[in-house]
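The values are calculated or read from the model by the stated rules, or taken from the named source; none is laboratory data. Predicted, not measured: the structure shown is a model, and the values here were computed from it. Glycine also receives a Cβ, built like all others from the backbone with ideal geometry; neighbour counts cover every protein chain displayed. Side chains included, ligands, DNA and RNA excluded: accessible areas come from the protein's heavy atoms. Shrake-Rupley method; radii C 1.70, N 1.55, O 1.52, S 1.80 Å.
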Amino acid sequence: MKIACTGRSRALGARIAEHLEAGLLETNLSRFPDGEIYLRTGPLDETTVVVGSLLSSDSLVELLLLIDACHRSEVLLVIPYLGYARQDREFRQGEPVSARAMAQALSHGVSQVVTVNVHKESVLSHFTVPASQVNLAPEVGDFIAGLGLENPLILAPDTGAAPFATGVASRGGWECDHLEKTRLSGEEVRVEPRKGGPWRGDVVLVDDIISTGATLAAAARMLRAQGAKGVHAVCVHGLFAGTALTLLHSAGISQIAASDTIEGPNSLYSAAGPIARALSR
Ligand code: R5P
């Protein structure tokens, strides 16, 4: 077995290889003069684990090319961050179900798909091969335990993230709650004051995705106004679009952590262990 990674998932791919005691497939990537992507791999084994997050149009093309280049082996596909999953239905007539379009395109030539905390589980049914997800709630719990906070409140910013927060909190036996969020636009949200009243200690906001940061910034401002001692944020997929990090810091969030499903300076814990275990099953 060899692990093949796209350019944006190299660190995670190397960690998965380490867990599986597998080698890395040499992959050279360049561009044709017109901008098209060219890649070439080294010699294949019988099985290839292709690891690549879907973060942009280029990363989709890179994944499709890498899967095709590995067609002489059995290909297991790991999509650590499955972009386009939030458009999981036709909200308005004429829109695509983008999650379905991506899932179908990425099912060709692979025998199995593993992803991480997909926005909605129903998205997995769009793959035409067996697809599963791993849940990083235990890893988030372990990361929070390492912060050494005294009796933190684990708080989801909306009802959708409440089950995830429950899983995180159970790791440390911490108290858990969720807020009510109304999305006003892509970059604006309103968060209701916490029904359980002020929390004077440390609060850790947990969510699957941080994109613009608007959700957690609104939650943090409300918590600080209610007298929270410290507000921290841990997500699975740290997209940090535009000025998200500045927005989060200026809302009073001291620590912002994400996994390595999207690699960056805030990737402070890894999805490699759970992914490797899912591949071994
Ligand atoms: C929404 O349902 C998700 O769970 C996240 O809360 C959302 O994607 C975060 O987006 P943003 O950081 O732009 O508020």
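Among helices (runs of 4 or more DSSP H) entirely within the range 207-281, having at least 2 residues that are more than 10 Å from the ligand (Cβ to nearest atom) and surrounded by 20 or more Cβ atoms within 10 Å (Cβ to Cβ) singles out 214-225, 272-280.
Would you pick out the residues in the range 1-35 that are assigned to a loop (DSSP other than H, G, I, E, B) and either aromatic (Phe, Trp, Tyr) or open to solvent by less than 50 Å² (accessible area, probe 1.4 Å) (or both)?
If the condition is that a residue be assigned to a loop (DSSP other than H, G, I, E, B) and either aromatic (Phe, Trp, Tyr) or open to solvent by less than 50 Å² (accessible area, probe 1.4 Å) (or both), then Thr6, Ala22, Leu25, Phe32, Gly35 are the ones that fit.
Quickly run through the range 36-61 and pick out the residues that are over 26 Å from Tyr84 (Cβ atoms) and surrounded by 12 or more Cβ atoms within 10 Å (Cβ to Cβ).
Taking the range 36-61 and keeping what is over 26 Å from Tyr84 (Cβ atoms), we get 40, 42-47.
Within the range 36-61, Gly42, Leu44, Asp45, Thr47 qualify.
Within the range 197-209, residues that are modelled with pLDDT under 95 sit with their Cβ atoms under 6 Å from residues that are open to solvent by less than 20 Å² (accessible area, probe 1.4 Å) and part of a strand (DSSP E or B), at 6+ positions apart or across chains, in these pairs: Trp199/Leu153.
To keep it simple, each residue is scored yes or no on (1) among the acidic types (Asp, Glu); (2) closer than 21 Å to Ile3 by Cα; (3) modelled with pLDDT of 95 or more; (4) out of contact with any Lys or Arg (no Cβ under 7 Å at 6 or more places or on another chain).
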position	(1), (2), (3), (4)
Thr27	no, yes, yes, yes
Leu44	no, yes, yes, no
Ser53	no, yes, yes, no
Leu65	no, yes, yes, yes
Ile79	no, yes, yes, yes
Glu95	yes, no, yes, yes
His126	no, no, yes, no
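Scanning the range 138-155 for residues that are surrounded by fewer than 16 Cβ atoms within 10 Å (Cβ to Cβ) and either part of a helix (DSSP H, G or I) or within 12 Å of the ligand (Cβ to nearest atom) (or both) yields Pro138, Asp142, Ala145.
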